[in-house]
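Enquirer: Once you've had a glance at the structure underneath, I'll fire off some questions.
The values are calculated or read from the model by the stated rules, or taken from the named source; none is laboratory data. Keep in mind it's a predicted model, so treat the numbers as computed, not measured. All Cβ positions, even for glycine, are placed from backbone atoms using ideal geometry, and neighbour counts span all protein chains on display.
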Amino acid sequence: MYEGIVQDLIDELGRLPGVGPKSAQRIAFHLLQAEPVDVRRLADILLEVKAKVKFCTTCFNVAEDEQCRICRDPRRDPSVLCVVEEYKDVVAIERTREFRGRYHVLGGAISPIDGIGPDQLRIKELVQRLADGTLTEVILATDPNLEGEATATYITRLLKDFGLRVTRLASGLPVGGDLEYADEVTLGRAFAGRRSADD
């Protein structure tokens, strides 16, 4: 335990995802030893991110404009839509350079234990995106865990009568894992070998 504001800093850093008590302490002491200009730059960028970054009005990915760069890119295939749980999953898939379509970020996965049902996700917005008839394939790239599988199953049933090809990422991704932690080769293979969600 440290005194006052130092302990407050450690406590706040420890609230960040993936940062345990020891890491929080290490980061805090790094900041204490850093030059004031470096700490100010970090503080400024944190405030700027909170002020400027919003969510794309089309796919709900992070964006600085109304639409994200992927939705604005005319070279992307508008007939293929990849459905992911979180915007960090978009980054993981983009690193593979295997996918050239567009995205839809659900904002989570169905998890009754956590009180998250279909109505808490952006599934209604997904169905609205199907209205113009442009889409021919929906790729369900939810995490390969219980919640991700439940979400994919729900969406597959929902889209059954839309006349779309609904696919799921192939094996190669470990069950119980998160897309953001998968390496590019594993995720790339999973994309290349995706299968129909009805199988």
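Enquirer: Restrict the check to segment 159-174 and report whether at least one residue is at pLDDT 95 or above, assigned by TED's automatic domain parsing to the domain that holds Gly188, part of a loop (DSSP other than H, G, I, E, B) and on the phi < 0 side of the Ramachandran plot.
Expert: no
Enquirer: On to the next question. Can you name the residue in segment 78-113 that is aliphatic (A, V, I, L, M) and free of Cβ contacts under 8 Å to residues at least 60 places away in the same chain and is also nearest to Tyr181 (Cα to Cα) among such residues?
Expert: Taking segment 78-113 and keeping what is aliphatic (A, V, I, L, M), we get 80-81, 83-84, 90-93, 105-106, 109-110, 113.
Keeping just the survivors that are free of Cβ contacts under 8 Å to residues at least 60 places away in the same chain gives 80-81, 90, 105-106, 109-110, 113.
Working: Val80: 24, Leu81: 22, Val90: 12, Val105: 17, Leu106: 19, Ala109: 17, Ile110: 20, Ile113: 24 Å.
Within segment 78-113, the match that is nearest to Tyr181 (Cα to Cα) is Val90.
Enquirer: For segment 86-135, give me the residue count where each residue is at pLDDT 95 or above, of a type in the set (Ser, Thr, Tyr) and assigned to a helix (DSSP H, G or I).
Expert: Here the count works out to 0.
Enquirer: Separate question: For segment 57-74, name all the residues that are part of a loop (DSSP other than H, G, I, E, B), over 17 Å from Glu137 (Cα atoms) and of a type outside the set (Val, Ile, Thr).
Expert: Scanning segment 57-74 gives Phe60, Asn61, Glu64, Asp65, Glu66, Gln67, Cys68, Asp73, Pro74.
Enquirer: Which helices (runs of 4 or more DSSP H) does segment 1-56 wholly contain that include 3 or more residues that are of a type in the set (Val, Ile, Thr) and more than 30 Å from Leu106 (Cα to Cα)? Even if it seems obvious, please write down each step before you answer.
Expert: On the way: elements: 4-14, 21-33, 36-52.
In segment 1-56, the matching helices (runs of 4 or more DSSP H) lie at 4-14.
Enquirer: For the condition closer than 30 Å to Ile123 by Cβ and of a type in the set (Phe, Trp, Tyr), what is the one hit in Phe29, Phe60?
Expert: Working: Phe29 fails: closer than 30 Å to Ile123 by Cβ.
Exactly one of Phe29, Phe60 is closer than 30 Å to Ile123 by Cβ and of a type in the set (Phe, Trp, Tyr), namely Phe60.
Enquirer: Do we find a residue being farther than 21 Å from Thr151 by Cα and of a type in the set (Asp, Glu) anywhere in segment 93-106?
Expert: yes
Yes/no matrix, rows are residues, columns are (1) within 18 Å of the chain's Cα centre (by Cα); (2) surrounded by 11 or more Cβ atoms within 10 Å (Cβ to Cβ); (3) closer than 28 Å to Thr156 by Cα:
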{"position": "Ala34", "(1), (2), (3)": "no, yes, no"}
{"position": "Glu48", "(1), (2), (3)": "no, no, no"}
{"position": "Phe60", "(1), (2), (3)": "yes, yes, yes"}
{"position": "Arg69", "(1), (2), (3)": "yes, yes, yes"}
{"position": "Arg72", "(1), (2), (3)": "no, yes, yes"}
{"position": "Asp89", "(1), (2), (3)": "yes, yes, yes"}
{"position": "Glu98", "(1), (2), (3)": "yes, yes, yes"}
{"position": "Gly101", "(1), (2), (3)": "yes, yes, yes"}
